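The values are calculated or read from the model by the stated rules, or taken from the named source; none is laboratory data. A quick note: this is a predicted structure, and the numbers were derived from the prediction, not measured. Cβ coordinates were reconstructed from backbone atoms using ideal geometry, including for glycine residues, and neighbour counts include every protein chain displayed.
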Amino acid sequence: MKQYSNDILIEGIRKQDKNILRYVYVAYFPGIRDFILKTNGNEEDAKDIFQEAVIVLFRKTKDKKFVIQHSFANYLFVICKMMWFKHCENKVNENEKINIFLDENYINNDIQYEIELNKRYKLYQYHFNNLGDDCKKILKMFLDGVSFKDIARKLKYKSDNYVKKRKFLCKEMLIENIKNDPKY
């Protein structure tokens, strides 16, 4: 199999190049899967962790100055390892917490931040998708920069004041649902 440099892999992930993403999966997923299977995980866990790690990498690559100082394989493995241990830590009770040693040469606060950001986004996405269709439409249009007046016109509401009130209520409901989620 062809080998790629860190820079080519980073650029490929940044551009969502299908060939590079396929290479990353073929070259690195088996090692991650083996690690997760050996630490009481299953195939589905491995797929989920690997996919989330690639999303973390994608977010990191948006910064044009992002560079991996060590091997790409090690960097990806450490992200997966951190995510897996956090996943396991969330599954066990307080008395059985896993103590982990993480190699500080490969991990920095940025990666931990990206992992946390990814977790929060998934929680937001879950609760957003569980809102009613009306709320989803209003919030999506608002986030896309559509004016209250245009939202009212497109959704055939009486006034933009009604849309403002509905947006406020939908947003409050979303926030409340997220706050009440045990994963929050």
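What residue, of Glu44, Glu96, Glu89, is exposed (fewer than 12 other Cβ atoms within 10 Å of the Cβ) and modelled with pLDDT under 80? Step through it out loud before you land on a result.
Details: Glu44 fails: modelled with pLDDT under 80; Glu89 fails: exposed (fewer than 12 other Cβ atoms within 10 Å of the Cβ).
When all the criteria are applied, what remains is Glu96.
Kindly establish whether Glu104 is acidic (Asp, Glu), modelled with pLDDT of 80 or more and more than 17 Å from the chain's Cα centre (by Cα).
Details: acidic (Asp, Glu): yes; modelled with pLDDT of 80 or more: no; more than 17 Å from the chain's Cα centre (by Cα): yes.
In short, no.
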